[in-house]
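Written out below as structure tokens is the structure these notes cover.
The values are calculated or read from the model by the stated rules, or taken from the named source; none is laboratory data. Here the structure is a predicted model, which means the values were calculated and not measured. Positions of Cβ are backbone-derived with ideal geometry, glycine not excepted, and every protein chain shown enters the neighbour counts. Ligands, DNA and RNA are stripped out before the accessible areas are found, and what is left, the full protein with its side chains, is counted by its heavy atoms. Shrake-Rupley method; radii C 1.70, N 1.55, O 1.52, S 1.80 Å.
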There are 2 protein chains.
Amino acid sequence: MSGGNVVEIQEIKTENLDADVFVQQKTSEIADIVGRGLAINALSGGVDSSVVTMLGHKALGDRLRTCFVDNGIMRQGEPERVVWLFKELGVPVEVVDAKQQFFDALRGLTDPEQKREAITRVFYKEVFGDLVRKSGAKYLLQGTNYTDVEETVAGIKRQHNILEQVGINTQEQYGYTVIEPLVQLRKSGVREVGRVLGLPEEMYNRPPFPGPALAARVIGEVTPEKIEIIRAATRIVEEELSSTGAFQYLAILHQDRVTGIKDGKRDYGLQIEIRCWESKDAKEGSPTRLPYEILEKLAESITKRVPGVVSVTYNITRKPPSTIEAI
Amino acid sequence: MSGGNVVEIQEIKTENLDADVFVQQKTSEIADIVGRGLAINALSGGVDSSVVTMLGHKALGDRLRTCFVDNGIMRQGEPERVVWLFKELGVPVEVVDAKQQFFDALRGLTDPEQKREAITRVFYKEVFGDLVRKSGAKYLLQGTNYTDVEETVAGIKRQHNILEQVGINTQEQYGYTVIEPLVQLRKSGVREVGRVLGLPEEMYNRPPFPGPALAARVIGEVTPEKIEIIRAATRIVEEELSSTGAFQYLAILHQDRVTGIKDGKRDYGLQIEIRCWESKDAKEGSPTRLPYEILEKLAESITKRVPGVVSVTYNITRKPPSTIEAI
């Protein structure tokens, strides 16, 4: 009915993927497109953006500018670790401190959807948009994968036009080129490409982590203080549960206050919920049957080491009707 | 320093208690004090008030008026069950429907202390106070036990002058007599007296339940709708866990909303927390190591049978730093 172009994207199934050949093809494609121009990309430390960074670096060397936006809501030591790992690989990464901008935008917001939108808006429109415009780069590298495309078509994800998101209007759009080298691959294929590119395993096999980072682990308003608390709890949960081989494990800071005992007196305190999932594809899941020794040790570590926390719970509900993350 | 009277109350240790003799003594004491007068008491269905009701009935027969105040925040079928059990024992109980008064007083209150105070105030000042005055009864039977006295002395409980609480001022006070026949006994002694009095075991061995009833199991504002939800969840938890022999088990309705899946779509829903405790005396406690089969069955029953609930958690924290109840 409409006159728009239809672009058919052909999936490359992971079992049919020759990652070495794929890397060769994509680096030469990227080099051809960018030519003597300048490209820019945002690295989050997730699998997709790490692989795109590595591919882009291989294709363009100095002509790729990679930015890591420190939004203040990442896990303990995460920005430093990501930058250090890429430095070891010979890839320079520019860290952009945007903590204040993100916390300012999050102030007073309690609705999960509004929180997500604020983070997306500050990232694209304010921070990365500025970087793109000031860099003079006309080529944007993006880690979009096949599942992202599918979910956009199915209406699960909103249509993400990166240029629109960074605030480049339709007039300017013709001057820009978006490059999405991973668009034919599923996550498992992206991981395989990352492995072949020489990324360390902690990068190409990194467990999924939500886009809004620790903000997705705080129920209610996100403040620097609450991020400190959930960051400390997340660190303990990840340390204790990484050896379980579970699909996903996480800590959630609740907004509800519950009674606890501090210095022998009753006092209202914070509650942390732990979730640990058995799942194949995140579509369905069941709580990992962790031994009580581990659960009690987790509760003890968190209540002792994280200020203000007096109560820790463990999720016992399947997905559905629950979901992997709480917000 | 002050000129007030000091009343020494002599504890009767449960191992030294001859419950038959105690019942004989107390019934004749009550009969002597009340004489041809009229006495009144409030029955909650808890051990203390049930035992006092039975003692008073034995001593006074028709000259005791026993009121059961239905505050709207009791467990499923509780008012009916208590009244029926006493009817079987030949004890008439008058049910006073005060649901609306309690919900009106609770509207808008989120602070746990304010919620507790509202319930106490409505019970004593409004509902029971009215009953006392209109009844013409000058004798009030109360289930105060030795631990209540100790905790009042230690400043843990506030001083409970029942006459003051029901709004009878110091001028009138001389006309009234408060009778507290259980004041020398611990809970275990009270249970023994209840057994000897012929109460059914479900009454004299009833597990502890907090004074503010289901309002103590709702975080945030208490509404009729939330009470319906926690009532249904409490019923499931008590049914499933009564056979465990645990010290205490309970469900808590959280105020925080978490993501769930309803009819295939993401939607924010309610969360129920379950606590099940191993404890000797409630001073310290540890979570019962319930098998995961039971936990998962509980989560499934609650999310299927209680409208709006998408997530169930299990407490894994010891007391201290947690407490048995959440609020």
Cross-chain or 6+ apart pairs with Cβ under 6 Å, the stretch A:93-114 first and within 14 Å of chain B (Cβ to nearest Cβ), then buried (at least 17 other Cβ atoms within 10 Å of the Cβ) and not basic (Lys, Arg): A:Thr110/A:Gly220; A:Pro112/A:Ile327
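Listed residues A:Leu270, A:Leu290, A:Leu298; which is over 18 Å from A:Ile229 (Cβ atoms) and at pLDDT 95 or above?
Numbers: A:Leu270 fails: over 18 Å from A:Ile229 (Cβ atoms); A:Leu298 fails: over 18 Å from A:Ile229 (Cβ atoms).
Of the residues listed, the single one that is over 18 Å from A:Ile229 (Cβ atoms) and at pLDDT 95 or above is A:Leu290.
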Looking at the stretch A:115-132 only, could you name the residues that are crowded, with 18+ Cβ neighbours inside 10 Å and without any contact (Cβ under 8 Å) to a residue 24 or more places away in the chain? A:Ala118
Being within 8 Å of chain A (Cβ to nearest Cβ), among the small types (Gly, Ala, Ser) and within 25 Å of B:Gly220 (Cβ to Cβ) is the filter here; which residues of the stretch B:276-300 pass it? B:Ala299
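Just one of B:Leu185, B:Leu197, B:Leu214 is in contact with a Ser or Thr (Cβ under 8 Å, 6 or more places away or on another chain), over 28 Å from B:Phe102 (Cα atoms) and buried (at least 18 other Cβ atoms within 10 Å of the Cβ); which is it? Please lay out each step first, then the result.
Values: B:Leu197 fails: in contact with a Ser or Thr (Cβ under 8 Å, 6 or more places away or on another chain); B:Leu214 fails: over 28 Å from B:Phe102 (Cα atoms).
None of the other options fit; the residue is B:Leu185.
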Which residue is nearest to the other protein chains (Cβ to nearest Cβ), if the candidates are limited to the stretch B:235-253 and must be open to solvent by less than 20 Å² (accessible area, probe 1.4 Å) and in a strand (DSSP E or B)? B:Ile252
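A:Gly269 - would you say it is in contact with a Gly (Cβ under 7 Å, 6 or more places away or on another chain) and at the interface with chain B (Cβ under 9 Å from one of its Cβ atoms)? Lay out the reasoning, then the answer.
On the way: in contact with a Gly (Cβ under 7 Å, 6 or more places away or on another chain): yes; at the interface with chain B (Cβ under 9 Å from one of its Cβ atoms): yes.
The answer is yes for A:Gly269.
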For the stretch B:220-232, does any single residue satisfy the condition of being in contact (Cβ under 8 Å) with a residue 12 or more places away in the chain, open to solvent by less than 30 Å² (accessible area, probe 1.4 Å), at the interface with chain A (Cβ under 9 Å from one of its Cβ atoms) and touching a Pro at 6+ places or on another chain (Cβ under 7 Å)? no
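Kindly evaluate B:Asp256 against the criterion of being within 14 Å of chain A (Cβ to nearest Cβ), within 28 Å of A:Gly285 (Cβ to Cβ) and modelled with pLDDT under 95.
Details: within 14 Å of chain A (Cβ to nearest Cβ): yes; within 28 Å of A:Gly285 (Cβ to Cβ): yes; modelled with pLDDT under 95: no.
Answer is no for this residue.
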Output for the stretch B:5-62, where each listed residue is part of a helix (DSSP H, G or I), out of contact with any Asp or Glu (no Cβ under 9 Å at 6 or more places or on another chain), over 27 Å from B:Val153 (Cβ atoms) and without any contact (Cβ under 8 Å) to a residue 40 or more places away in the chain: B:Val21, B:Gln24, B:Thr27, B:Ser28, B:Ala31, B:Asp32, B:His57, B:Leu60, B:Gly61, B:Asp62
Give me the pairs: first residue in the stretch B:301-327 and more than 7 Å from chain A (Cβ to nearest Cβ), second residue basic (Lys, Arg), beta-carbon distance under 7 Å, and six or more apart or on different chains, which are they? none
Taking only the stretch A:257-285 into account, find how many residues are touching a residue at least 24 places away in the same chain (Cβ under 8 Å) and touching a Leu at 6+ places or on another chain (Cβ under 9 Å). 10
